[in-house]
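Coordinate-derived values only; no laboratory data. Quantities reported herein were computed from a predicted structural model and do not represent experimental measurements. A quick note on method: Cβ atoms are made from the backbone with ideal geometry, for glycine too, and the neighbour counts reach across all protein chains shown.
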Amino acid sequence: MQLKYDLTVGALYIKLSDAKIARTIEAADNAAVDLDAAGGVVGIEVISAAYPWPLADILASYDIPAGEVAQIMSYFGSQGLSAARQQAPKIGIASPAPAKLLVPA
């Protein structure tokens, strides 16, 4: 399993397989499941990890190996909500701003 997180847009991808993606099924407004030709889960895409996504529904609806399920649950909790939803990261600009702008000589 490999996690990829895009800080720019807050998107999360949980890669479970290196297989080629044959189709993508929308799991909710904020999530999609990528499947290979045999219907195996290649990955789970979360459009914005700061908002709820149906982790419990995805895990119940698709055949994901027990070891992968345990690892996913260890990252995102047993309640089916993303960890980001429970405690979103705080990213901001340092404050107060510098008093003086530094310009190269």
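Here r is the Cβ-Cβ distance between ASP6 and ALA60 and R0 is 35 Å; the resulting FRET efficiency, rounded to 0.05, is 0.85.
When only alpha carbons of the stretch 2-86 are considered, Rg and Dmax amount to 11.9, 34 Å.
Label-to-label distance, ILE25 versus TYR75, with points set 7 angstrom from Cα along the beta-carbon direction: 2.1 nm.
Across the stretch 61-73, rounded Karplus estimates of 3J(HN,Hα) from the backbone phi angles (6.51 cos²θ - 1.76 cosθ + 1.60, θ = phi - 60°) give 8, 10, 7, 10, x, 4, x, 5, 4, 4, 5, 4, 5 Hz, Gly and Pro being marked x. For GLY43, the residues 5 or more places off, or on other chains, whose built amide H falls under 5 Å of its own are LEU16, ASP34.
Rounded to the nearest 20 debye, the dipole magnitude of the stretch 2-86 is 160 debye, with +1 charges on Lys and Arg beta carbons, -1 on Asp and Glu beta carbons, and the Cα centre as origin.
Taking 8 Å as the Cα distance limit and 6 or more residues as the minimum spacing, I'd like the relative contact order of the stretch 1-72 as a percentage. The partial results should precede the final answer.
Working: 124 pairs, mean separation 19.2, N = 72.
Once normalised by length, the contact order is 27 percent.
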